[in-house]
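Down below is the structure, laid out as structure tokens.
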Amino acid sequence: MLALRLSAYTLTSALGAGLAPHADALRRQRGGIVRKQWETIDFAFCMGEVAGLDATAIRSDLARFDCRNNRLAQYALEQDGFAERVREAVGRYGPDRVAVLLGSSTSGILSSEIAYRHRDPASGRLPGDHRYRETHNAYSVADFVRHYFDLAGPACVISTACSSSAKVFGAAERLIALGLVDAAIVGGVDSLCLTTVYGFSSLQLVSPNPCRPFDADRDGISIGEGAAYALLERPHDARPGSILLTGVGETSDAYHMSSPHPEGLGARAAMTAALQCAGLTAGDIDYINLHGTATPSNDAAEDAAVSAVFGTRLPCSSTKGHTGHTLGAAGGIEAILCAIVLDGGFLPGGVGTEHLDPRLKSHYLLATEERPLRHVLSNSFGFGGSNCSLIFSREAA
Amino acid sequence: MSMDAIYLDGISLLGPGLPDWEEAVAILCGDKPAELAPVTVTAPALLPATERRRAGTSIKLSMAVGLAAAEAAGIDPGGLANVFTSSGGDCENCHHLLDALASSERMISPTRFHNSVHNAAAGYWSIATHCEAASTSLSAYDASFGAGLIEAAGQVLTSGAPCLLIAFDTAYPEPLFALRPVPFPFGVGLVLSPTRGAHSMATLGLSLTRDPADTLSEPPLEQLRREIPTARALPLLQRLAGGGAGRVVLDYLDDTRLAIEVGG
């Protein structure tokens, strides 16, 4: 495939806003998951919440998009000078030559959850100020970002549950390779809502404690929220140290709606496809950022897949213990975390994991190690059996 | 800038008064009047019994048009990469979840929850057809058909393999229906291929344009085009039904539209 340069990138999660707090949290193995009450949910749970969203003001000309998800989208866009770098790219290429491809699982559905509580008792009508198109609809967050930059290129939201914002990297590569656009804003935005908290609880997949990926006592996910963006362009200006997207592998489990194939066959095929796409072999990969949600069956299936493709000595870890599971934003967030570890030259140890499950064979890192890296792989798997593996590489000196 | 042309190998359509592609051809060509009759969607036998019970209109509709398009192309859907595009996915299921979350009990069923993901239809499709190939599910509100066609064409041209596009929309019940009034279920399936084959009907060359979108002269069809995101495809379908070559412009995003050069 065409390698693409991440010419700018940023992220916001429970660890903080922008790259610096994330690099620091990964190095020091600091987590952002806390137990608290949230919204009207009638039980406390452990979550990775982004601080300050309630006080964030949507740009006044875009007030019709106001909801928690778009506030998070805007707050994250304005970190690390990302928005300025996008405007420069729009200046270079023109507004119709920049795509917006974002991943989200629930977009701003929280706004409809609240609106349903305020239906007119007689007519059943939703409050007059409820804006379905700009807040709830799956596309709303890409529509918001497209308007934020006054763009006129292609746009969509990919919504394949927890692989959503990994898959946008593949979609962007296709559009740029085919010459339909010169650059793409990719990433993911997903925010806390009742649907996911009550939904994952109904499946008994939420841990009562901060999640513990690959731990012998792991017992479920911690739901998080976050946003991540990358500006992807052809690698003309790549320099030593530039971060490149070099491989994408997408497959389907064709097995079950909410459980992974027990041997991780679809995950295995996605990792193999990403390697093939990058022209790399398993031995070239220096680190894997696991999907690692900390449910018993997900981690076991991923472990089987990773060890089948890479053996049992390749360092890997999940950063869900740091950020919580940010669902549709997880692929994008973990892509940027991969860029951070490639740039900083370290392998991040997990957070929350104390006693590795002896039944799992992968080399899961309990402590951060400083080491230069060349190629890393990131896994994202979702409901419906949707699998995506990405490979990121650091341009050699 | 245009993308390279791709081949259309199979087509299907299911909408009001448009029960399949063969009948739709006569209506789109003006040989039969367009009448907006209610849509009947049945669960395909391919879906395992448990899944069939859990399947709502969106799953049945998407599967029906997907299977019909693959059959028209003479291709096994089990090996086909696929792109699902829909403005709202399973809107009925979404309403039931929102209703439950607004109640004092807030009990939601695990099945309703896993059916709430936008890629639920794609998940059921992969299970029913045993398809392990790449699958994407996307939305672009009213531009969902155009966004799906661009993504599917991109898959075909970069992978060198055929791809199935399944575009569908269903309606929310009230109260969301008032804010998103999709009048009828509507689904379109297209099998796209990088090379000419025995079933190839036409070539399609995509580019973006600012030109106005084509409209339909028959009021019932034009009403569908305006009110259902997937039915934004109708000017293309009409051109294909007539068998003629030429340029078609479809509504896409705001002032950005999708031009399609249809060739023989």
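Is segment A:107-118 home to any residue that is more than 10 Å from every other protein chain (Cβ to nearest Cβ), closer than 24 Å to B:Val83 by Cα and assigned to a loop (DSSP other than H, G, I, E, B)? Yes, segment A:107-118 contains at least one residue that is more than 10 Å from every other protein chain (Cβ to nearest Cβ), closer than 24 Å to B:Val83 by Cα and assigned to a loop (DSSP other than H, G, I, E, B).
The requirement of being touching a Phe, Trp or Tyr at 6+ places or on another chain (Cβ under 6 Å), buried (at least 24 other Cβ atoms within 10 Å of the Cβ), closer than 30 Å to B:Gln155 by Cβ and among the small types (Gly, Ala, Ser) is satisfied by A:Gly187. Going through (1) surrounded by fewer than 24 Cβ atoms within 10 Å (Cβ to Cβ); (2) more than 25 Å from A:Val248 (Cα to Cα); (3) touching a residue at least 60 places away in the same chain (Cβ under 8 Å); (4) among the hydroxyl-bearing types (Ser, Thr, Tyr) one by one, B:Ser159 falls short only on (2). Please name all residue pairs, on different chains or six or more residues apart, with Cβ atoms under 6 Å, provided the first residue is in segment A:5-17 and is open to solvent by 10 Å² or more (accessible area, probe 1.4 Å) and the second residue is among the acidic types (Asp, Glu) and in a strand (DSSP E or B). Going by the 6 Å Cβ cut-off, the qualifying pairs are A:Arg5/A:Glu233; A:Ser7/A:Glu233. Could you tell me how many of the residues in segment B:169-181 are in contact (Cβ under 8 Å) with a residue 12 or more places away in the chain and either farther than 25 Å from B:Ala43 by Cα or within 7 Å of another protein chain (Cβ to nearest Cβ) (or both)? Here the count works out to 2. One residue stands out in segment A:242-262 among those that are more than 21 Å from the chain's Cα centre (by Cα) and within 13 Å of another protein chain (Cβ to nearest Cβ): the one that is most open to solvent (accessible area, probe 1.4 Å), namely A:Tyr255.
For (1) open to solvent by 10 Å² or more (accessible area, probe 1.4 Å); (2) away from chain B (no Cβ under 14 Å), each residue gets a yes or a no:
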{"residue": "A:Ile333", "(1), (2)": "no, yes"}
{"residue": "A:Cys338", "(1), (2)": "no, yes"}
{"residue": "A:Phe346", "(1), (2)": "no, yes"}
{"residue": "A:His355", "(1), (2)": "yes, yes"}
{"residue": "A:Leu365", "(1), (2)": "no, yes"}
{"residue": "A:His375", "(1), (2)": "yes, yes"}
{"residue": "A:Gly385", "(1), (2)": "no, no"}
{"residue": "A:Phe392", "(1), (2)": "no, yes"}
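Residues of segment A:190-215 that are crowded, with 24+ Cβ neighbours inside 10 Å and of a type in the set (Asp, Glu): A:Asp190 alone.
For A:Cys211, the conditions (1) within 8 Å of chain B (Cβ to nearest Cβ); (2) assigned to a loop (DSSP other than H, G, I, E, B) are fulfilled apart from (1). Within segment A:145-184, the set of residues being more than 7 Å from every other protein chain (Cβ to nearest Cβ), open to solvent by less than 10 Å² (accessible area, probe 1.4 Å) and among the hydroxyl-bearing types (Ser, Thr, Tyr) comprises A:Ser163, A:Ser164, A:Ser165. Of all residues in segment A:316-327, at least one satisfies being at positive phi, in contact with a strand residue (DSSP E or B) (Cβ under 7 Å, 6 or more places away or on another chain) and part of a helix (DSSP H, G or I). Restricting the first member to segment B:136-152 and to residues that are within 8 Å of chain A (Cβ to nearest Cβ), and the second to residues that are surrounded by fewer than 24 Cβ atoms within 10 Å (Cβ to Cβ) and modelled with pLDDT under 95, the beta-carbon pairs closer than 9 Å and six or more apart or on different chains are B:Ala143/B:Asp254; B:Ile150/B:Met3. Among the residues of segment B:111-124, those that are touching a strand residue (DSSP E or B) at 6+ places or on another chain (Cβ under 8 Å) and either without any contact (Cβ under 8 Å) to a residue 60 or more places away in the chain or at the interface with chain A (Cβ under 7 Å from one of its Cβ atoms) (or both) comprise B:Val117, B:His118, B:Asn119, B:Ala122, B:Gly123. The single condition from (1) open to solvent by 20 Å² or more (accessible area, probe 1.4 Å); (2) touching a residue at least 24 places away in the same chain (Cβ under 8 Å) that A:Gly283 fails is (2). Of the residues A:Asp284, A:Asp303, A:Asp299, the single one that is more than 14 Å from chain B (Cβ to nearest Cβ), modelled with pLDDT of 95 or more and under 18 Å from A:Gly384 (Cα atoms) is A:Asp299.
Being assigned to a loop (DSSP other than H, G, I, E, B) and of a type in the set (A, V, I, L, M) is the filter here; which residues of segment A:248-273 pass it?
Quick first cut of segment A:248-273, residues assigned to a loop (DSSP other than H, G, I, E, B) only: A:253-264.
Result: A:Ala254, A:Met257.
Against the test of being under 23 Å from A:Phe383 (Cα atoms), more than 10 Å from every other protein chain (Cβ to nearest Cβ) and not in a helix (DSSP H, G or I), the options B:Ile108, B:Ile166 yield a single qualifying residue, B:Ile166. Candidates in segment A:124-144 are the residues that are among the small types (Gly, Ala, Ser), at the interface with another protein chain (Cβ under 8 Å from one of its Cβ atoms) and open to solvent by 10 Å² or more (accessible area, probe 1.4 Å); of these, the one that is farthest from A:Arg97 (Cα to Cα) is A:Gly124.
What residue, among those in segment B:85-105 that are more than 23 Å from the chain's Cα centre (by Cα) and at the interface with chain A (Cβ under 7 Å from one of its Cβ atoms), is farthest from A:Ile114 (Cα to Cα)? It would help to see each step written out before you state the result.
Taking segment B:85-105 first, the residues more than 23 Å from the chain's Cα centre (by Cα) are B:96-105.
Pick out the ones that are also at the interface with chain A (Cβ under 7 Å from one of its Cβ atoms) and you get B:97-99, B:101-102.
Numbers: B:Leu97: 12, B:Leu98: 9, B:Asp99: 11, B:Leu101: 9, B:Ala102: 8 Å.
Step by step, filter segment B:85-105, then rank; the result is B:Leu97.
Summed over segment B:125-135, the residues that are within 7 Å of another protein chain (Cβ to nearest Cβ) and not in a loop (DSSP other than H, G, I, E, B) give a count of 3.
For first residues located in segment A:370-397 and closer than 27 Å to B:Ser137 by Cβ and free of Cβ contacts under 8 Å to residues at least 40 places away in the same chain, partners that are of a type in the set (Asp, Glu) and not in a loop (DSSP other than H, G, I, E, B) and lie 6+ apart or on another chain with Cβ distances below 8 Å do not occur.
The values are calculated or read from the model by the stated rules, or taken from the named source; none is laboratory data. Predicted, not measured: the structure shown is a model, and the values here were computed from it. Cβ coordinates were reconstructed from backbone atoms using ideal geometry, including for glycine residues, and neighbour counts include every protein chain displayed. All accessible areas refer to the heavy atoms of the entire protein, side chains included, with ligands and DNA or RNA removed. Shrake-Rupley method; radii C 1.70, N 1.55, O 1.52, S 1.80 Å.
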